[in-house]
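What follows is a single structure, written as structure tokens, with notes after it.
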Amino acid sequence: ATVAFKEQCGLPPMATLKQCIQSLATRLQGPDGPPGATLTLKEGYPCLEPVGNLTDATRKLLNGYDT
């Protein structure tokens, strides 16, 4: 699942999870608004919940993070 998430981020398989999250954060940051997701805990694990209108690609990337 981690390799698939890295590929969805557009990064090589040897990228770190931190690099993927940084890539995702730049996609979620709106030019004049709040970030497009919030970080919450579900059953003790961090999950990203979409906030507002996101592109299908970004929404798919968020779903990839949660799996």
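The values are calculated or read from the model by the stated rules, or taken from the named source; none is laboratory data. Everything quoted here is computed from the prediction, not taken from an experiment. Neighbour counts run over all protein chains shown; Cβ positions are idealised from the backbone, glycine included.
Structure values in brief
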item	result
Checklist (1) in a helix (DSSP H, G or I); (2) at pLDDT below 85; (3) within 19 Å of THR2 (Cβ to Cβ); (4) out of contact with any helix residue (DSSP H, G or I) (no Cβ under 8 Å at 6 or more places or on another chain) applied to GLN22, failing item	(2)
Residue list for the range 38-52, filter: more than 12 Å from the chain's Cα centre (by Cα) and either part of a strand (DSSP E or B) or loosely packed, with under 10 Cβ neighbours inside 10 Å (or both)	THR40, LEU41, LYS42, GLU43, GLY44, TYR45
